[in-house]
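The block underneath contains the structure these notes are about, expressed in structure tokens.
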Amino acid sequence: MRIRPPTTVRPPRFQGRLHDARTATAIGRWLGVAIAVCFVTGVTSHYLQRPPDWLADALPSRPYWGYRVTQGLHVASGIAAIPLLLAKLWTVYPRLFVWPPLRSVRHALERLSVAVLVAAAVFQLTTGLLNTVQWYPWPFSFVPVHFAVAWLLLGALVLHIAVKYPQIKAHWSRRSAGTLELPAEDGPDRRSLLTGVAAAVGAVTLTTVGQSFTPLSRLDLLAPRHPDHGPQGLPVNRTAAAAGVSGMPLTDWRLTVTGPRSYELGLDELAALPQHTVTLPIACVEGWSKSARWTGVRVMDLLELAGARPGTRLRVVSLERRGAYRVMEMGGGYTDDPLTLLALRLNGQVLSRDHGFPARIIAPNRPGVWQTKWVSGMEVL
Ligand SMILES: Nc1nc2c(c(=O)[nH]1)N[C@H]1C(S)=C(S)[C@@H](COP(=O)(O)O)O[C@H]1N2
Ligand SMILES: [Mo]
């Protein structure tokens, strides 16, 4: 028996070339590139932020700008993927109405995999975008879930490309097989659509990428952060007030260093040790970055005073009472780098409270979350 659609609800028919396989291929490959860049940079970021134990000491501290570039690309490619995904979904949505909805087991599986692909892509771009504005309207923890769904998205995408390979191949070039040849006056043409999509991608990229790519900071109109807005020429993610540090009396602050030869230093004693100045960026995982000049004591010098071997692993503790970034560990690659400082000054001035007074960590090629502010203790591991 043949299943027929009820005569009263006729599925819509779409014949225009904006909904055909050639348009889907043309937009799909740009979306594929954006998702690939987003995936690779995202996985890189994840392992730099949360390395498994065996990897922690092998993480490289150079190039010093590495994390800034990968995280900047991650957020930029994710933002660019949003108009691309919307355009792609609009191009293919008529396929929702194919009749009969399920022709065979194979067809059912294919539709299921597309549903997973769309759901995972929408989920990743939505949670990622909301994370850039630090808004978490969901009950789960962002990082592990965003990371897990990235693999789901990758799997569904690889499967989709494999299933659609014949169509992708047939429609890859402009003179693709079986393209509908419609008269020019038959509505907007494909070129206009693709130009419009490219313009949308260009617009969202140019108005946001300045948050991490300083030469374009003047165009940064839509990003949640502007690299020039903040005390001492640097944005602040978590203020001293938000971290509960602003009211602490710090006149008797001392740095405690625990190791084979433990010791304590007051701020004056720290400032009397050899000072070094480095130019390094804060590269926040939420997508903004900005370079600054930091002055302070080399972490390797402090560790040597504590009798630690070169390249030792270190735990750093903040004055902050609670918060996900109160305790930080850094591998031997970072502690061994002369650019890694316990900084006391920023852009020539004593650190403001919001930037981590009395002392903060600044290290090359590291996520902003681990540039611990308001340091109170260091422990040789
Ligand atoms: N103790 C502590 N240090 C911290 C944080 C924090 O919440 N607590 N936030 C981190 C994050 S997410 C970033 S991006 C940088 C930002 O440094 P800035 O505020 O000086 O620009 O500080 C890091 N250091
Ligand atoms: Mo951050």
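Observations, loosely collected:
- Cα-centre dipole for the chain with unit charges at Cβ (Lys and Arg positive, Asp and Glu negative), debye to 20: 1660 debye
- Among 258-267, 350-359, 75-84, sorting by the average number of other beta carbon atoms lying within 10 angstrom of each residue, highest first, gives 75-84, 350-359, 258-267.
- Of the DSSP H helices in the chain, those whose Cα atoms cover at least 30 Å axially and whose Kyte score averages -0.5 or more: 21-49, 66-92, 105-132, 142-163
- Charge sum, other residues only, whose C-beta stays under 14 Å from ASP252's C-beta, Lys/Arg counted +1 and Asp/Glu -1: -2
- Test item: Cα-centred dipole of segment 21-219, Lys/Arg +1 and Asp/Glu -1 on Cβ, debye: 380 debye
- Segment TYR93-ARG309, length gained on full extension (0.36 nm per residue, minus Cα span): 71.6 nm
- Within segment 310-343, the trypsin sites (Lys or Arg not before Pro) that combine a DSSP coil assignment with at most 12 other C-beta atoms in a 10 angstrom radius are ARG321, ARG322.
- For a straight C-alpha distance cut-off of 25 angstrom, the lysines reachable from LYS164 (same-chain residues fewer than eight places away being disregarded) are LYS88.
- Label separation (THR126 vs ASP268): 5.8 nm, computed from points 7 Å beyond Cα along the C-beta direction.
- Pairwise label distance in nanometres, THR239 with ARG111, each label 7 Å out on the Cα-Cβ vector: 5.3 nm
- Partners of LYS373 within straight-line reach, counting aspartates and glutamates whose Cα lies under 14 Å from its Cα and excluding those fewer than 8 residues away in the same chain: GLU320, GLU329, ASP354.
- Summed side-chain charge close to ARG313 - residues other than ARG313 whose Cβ falls under 11 Å, Lys, Arg +1, Asp, Glu -1: -3
- Between GLN349 and SER141, the FRET efficiency estimated from the beta carbon spacing at R0 = 30 angstrom works out to 0.25.
- Heavy-atom accessible surface of the chain, averaged per residue, reaches 52 Å², computed with a 1.4 Å probe.
- Estimated from helical segments only, the mean residue ellipticity of the chain at 222 nm is -13000 deg cm²/dmol, where each DSSP H run of four or more residues counts as -39500 (n - 2.57).
- Calculated on the Cα set of the chain, radius of gyration then Dmax: 26.1, 90 Å.
- Taking each residue as 0.36 nm, the span from ALA170 to LEU152 lengthens on full extension beyond its C-alpha to C-alpha distance by 3.8 nm.
- The slack in the chain from LEU221 to VAL40, taken as 0.36 nm per residue of separation less the alpha-carbon distance, amounts to 62.5 nm.
- Cβ-based charge dipole, the chain, positive-most Cα from GLY296, LEU18, LEU129: LEU18
- In this calculation the C-beta distance from TYR47 to HIS229 is compared with R0 = 25 Å, giving a FRET efficiency of 0.25.
- Rg and Dmax [Cα atoms of segment 21-219; Å; Rg one decimal, Dmax integer]: 19.2, 64
- Solvent exposure ordering (accessible area, 1.4 Å, most first) of GLU110, GLU329: GLU329, GLU110
- Range of Cα positions in segment 258-381 per principal axis (Å), largest first: 38, 28, 28
- Carbon-plus-sulfur accessible fraction, the chain (probe radius 1.4 Å, protein heavy atoms only): 63%.
The values are calculated or read from the model by the stated rules, or taken from the named source; none is laboratory data. Because the structure is a prediction, the values reported are computed rather than measured. Quick reminder, even Gly has a Cβ in these numbers, built from the backbone with ideal geometry, and neighbours come from all protein chains shown. Quick note on the areas: whole protein, heavy atoms, side chains included, nothing else; ligands and nucleic acids left out. Shrake-Rupley method; radii C 1.70, N 1.55, O 1.52, S 1.80 Å.
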